[in-house]
Each structure stands twice: as C-alpha cells, then as structure tokens.
C-alpha cells in the first residue's frame, strides 16, 4: 500500500518537527515547508494527499497560500492551524475551501483524527469520480450514423429542460440508455434516477409501487413504504413500458403530473414532489388510445418531447463500433485479454437484421467473449438468430421474390450441413456445380 503524503507548512520549526514525528509514527510520508511561497512551489512539483497549513506565515499568509493552492490543485484537503483562534478567519478559510480549522496548542488525538477523516474523504471522492467515469463509459450512445447523430442532438437539447419526454422504439433498441443520458446531462444529474418497469409489476401493485402505501392499507402492508414518485423527488422518474400501465394507475399518474401531489395508498395526507417524468414504450400509444387502452389526456401530457430510438437494422453502419465497445466492455468485465474480430465476421453481423436490436448484439458479443478460446473471433465462431424471414409479398416481380427465397433457403441448408457443399447439393438434389453457380450468383459467403 502506498503511504499517504502529508505536507506540513508552518514557520515554527518545533511545530514542523512534532507534526512530522506524529505522522511518521502513523506510517505517513511527511514533507515540510516554512513559508507559503515554498509550499506553493512544492505543490507544483509534488501531489500531497493532505496539507496542514498555518495561518500566520512570513511573506504570503496562510489564507493567501490556501487560495493559491486551491487554484492549482483544488482537490487536496487542507487543514488550517493557528495559534490565535479567530472565528472570522475560520469562516473565511472554510469558504475558500479549507477542510477544517485547528487551534494551537495542537492535540495529538485531534490532529490524527482530523487527518484520518480528511484522507478518508479524499479517498471516497476519488472512488466516486472513478465510479462516475465507469458509469459514463457504461451509459454511452455508440455510433456516428446519421440517425444516431440526430438522436444525440435531440438528447442534448431535451436534457436542458424539465419537460416530459416520451421515448419510443423497439424492444432492446436502447430506450433506457436514452432516459439515463437525459438525466445525466440535466441539472437533476446529482439527484435520484428512479426506474419503474410498468410491464413487470402486477397491476394490483402498480399504484403501491408508484405512490407508496401506509401500514395496514392492504394485506401484506406490514409497514409504511415510500413509492417511486417520492423516492424520485428532485430527480427523474423513468416509467418504462408505460403503455402497459392500467387505466386506474394512468388516471393517478395524470393527476400527479398536473398537481405534483399524491397520496400514499391508504393515506390521507397530500405529498408534494418535484419530479421530471420520462417515459418509454415499444407500443404505438396513438393506436392504444384508439383502442381505449391508454388515456388520451395522459398521452398528450407525456408526449411533450417525443424521441424515437432507431432499430439497429436502420443504423447498421454503427455495428463495427458497437462490437468494439462490447468486446472491450466484456473483456474488462470478465478480466480477459481483449479479443479481436475478423472482417468476415463483422460482415456477417452487418448482414443480419437484429430483431432483438442492441440487446441481441450485446448478448452475442458477451457469448463470444466467454465461449471463444482463441484471441481472434472468426465467422465460424458466430451463432446468431434465425435468418430474417423475407416478406415476399413486398417484391414487385415473381423473379425477385423467387430469388430472395432461393438465397435464404440455400443459405439455411448450407448452415445446417456445416457449409459442406457436396452434402448440401445432395440434400437439395442438384448437381454440385449447379450449387456452386447459385452460391456465386447470390453472393453467399461460405464459412
């Protein structure tokens, strides 16, 4: 373990010596300075973990030294020490950024306790920043296709407001990621992001989940419970699969949107909240309104800023970047050497239509990282979903529809026979040379 470095700045030699001995006995590495000017120069060359700084110094005093150090390295905790207790100076030092203020004569126990707490606080701040960086890496929108570029621009604009956002898109396309980015880029980013999957909660419990309940309000309610609206106060509430919410719950959500107030189930007290609502759905809510499954007034309340997340098949040029991202992510997750993928494997991934969207691609790459023994992933390692079923009625001519069917049929039979052309030709009851011609004509890639 690397020993923490403490800088002691005091014009009294006895103070510097006694503090040095105390800290060295505790396993710290100590650097000393007798003036503010010298301390500033040390800061420029070294990076101490903690500073003890006397207020009364020759030349520039402790307050000015504190300001200069904070201007150079604002994250270093600084503990001010003084032989003359002065509330005004202590308040000024704290406003500038001092961690604490100690009076002389210094208490050994107090010095060590404050030093320990300051170093623990700094360690927690470093861990928090690392966690934020990990989260920012995890919650990234990968790709530079025109559709994803437009989506990024919409997120940037929508995140700067408190308006409600309705995110629409196919399952697995990344709607939750968009919701998290809207929160992370907003002024509410330091507040809670609370997610509710409306499709996963039984309809009889959805109101309790959203609004909470009082003890004894129904069978099984053994204690008071805060709901998601209450937990999301001052932050963002993400209602995923909002199209699956019951009409009863919809009416109560509508009322909260209008008043920002609600009552817990079984309660009588109005609870006031400040919540930004972001919703997502894979359903056509306009159609659901026509069918009577979704309230029209709630739809118009939620549909302030509509954002459509494109399916992966409409942004296939992003697949290479997504593959690289997932290879790196899962190599780190499973502590493996980073695998590479061959161009022919990438081509196959780009030809597939990905009905499960980003989620399906993510699962495929995770499986490849775990199950591929080699450091190189080739086309032979790929196992992806069933070939896309063509809508043959969409073709203009019989020839186009027949060619599309024949290509898919031959490809499927080749896959079933491990790409053995002789065996496939035998099963298809055609000459091997004829099958070769078909493969070439339809540009079928043999693995």
(message) If I go through segment 5-32 residue by residue, how many of them are without any contact (Cβ under 8 Å) to a residue 24 or more places away in the chain and closer than 19 Å to residue 66 by Cα?
(response) 1
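Looking at residue 289, is it in contact with a helix residue (DSSP H, G or I) (Cβ under 6 Å, 6 or more places away or on another chain), without any contact (Cβ under 8 Å) to a residue 24 or more places away in the chain and crowded, with 16+ Cβ neighbours inside 10 Å? First the steps, then the outcome.
Values: in contact with a helix residue (DSSP H, G or I) (Cβ under 6 Å, 6 or more places away or on another chain): yes; without any contact (Cβ under 8 Å) to a residue 24 or more places away in the chain: yes; crowded, with 16+ Cβ neighbours inside 10 Å: yes.
In short, yes.
For residue 355, state whether it is surrounded by fewer than 16 Cβ atoms within 10 Å (Cβ to Cβ), modelled with pLDDT under 90 and not in a helix (DSSP H, G or I). If you could, list the steps in order and put the result at the bottom.
Values: surrounded by fewer than 16 Cβ atoms within 10 Å (Cβ to Cβ): no; modelled with pLDDT under 90: yes; not in a helix (DSSP H, G or I): yes.
No.
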(message) Looking at (1) part of a loop (DSSP other than H, G, I, E, B); (2) at pLDDT below 95, which one does residue 325 not meet, given that it meets all the others?
(response) (1)
(message) Name the single residue that is nearest to residue 356 (Cα to Cα) among those in segment 153-170 being surrounded by 14 or more Cβ atoms within 10 Å (Cβ to Cβ) and out of contact with any strand residue (DSSP E or B) (no Cβ under 8 Å at 6 or more places or on another chain).
(response) 170
(message) What's the total number of residues in segment 326-365 that are within 23 Å of the chain's Cα centre (by Cα) and more than 28 Å from residue 282 (Cα to Cα)?
(response) 8
(message) Based on this model, can you work out whether residue 288 counts as within 30 Å of residue 145 (Cβ to Cβ), more than 27 Å from the chain's Cα centre (by Cα) and not in a strand (DSSP E or B)?
(response) yes
(message) Looking at segment 71-95 only, could you name the residues that are surrounded by 16 or more Cβ atoms within 10 Å (Cβ to Cβ) and within 22 Å of residue 42 (Cβ to Cβ)?
(response) 76, 77, 78, 79, 80, 81, 82, 93
(message) Give me the residue from segment 328-337 that is assigned to a loop (DSSP other than H, G, I, E, B) and touching a helix residue (DSSP H, G or I) at 6+ places or on another chain (Cβ under 9 Å) and, out of that set, surrounded by the fewest Cβ atoms within 10 Å (Cβ to Cβ).
(response) 337
(request) Would you tally the residues in segment 33-64 being buried (at least 19 other Cβ atoms within 10 Å of the Cβ), closer than 20 Å to residue 17 by Cβ and in contact (Cβ under 8 Å) with a residue 40 or more places away in the chain? (result) 8
(request) Could you grab the pairs with beta carbons closer than 7 Å, sequence gap of 6+ or different chains, first residue in segment 368-382 and assigned by TED's automatic domain parsing to the domain that holds residue 347 and farther than 17 Å from residue 320 by Cβ, second one at pLDDT 90 or above and surrounded by fewer than 18 Cβ atoms within 10 Å (Cβ to Cβ)? (result) 375/337; 375/340
(message) Exactly one of these conditions fails for residue 363: (1) surrounded by fewer than 18 Cβ atoms within 10 Å (Cβ to Cβ); (2) under 25 Å from residue 155 (Cβ atoms); (3) touching a helix residue (DSSP H, G or I) at 6+ places or on another chain (Cβ under 8 Å); (4) not assigned by TED's automatic domain parsing to the domain that holds residue 261. Give me its number.
(response) (3)
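The values are calculated or read from the model by the stated rules, or taken from the named source; none is laboratory data. Fair warning: this is a prediction, and the values are worked out from it, not measured in the lab. Methodologically, a virtual Cβ is constructed for each residue, glycine included, from the backbone with ideal geometry; neighbour enumeration extends over all protein chains shown.
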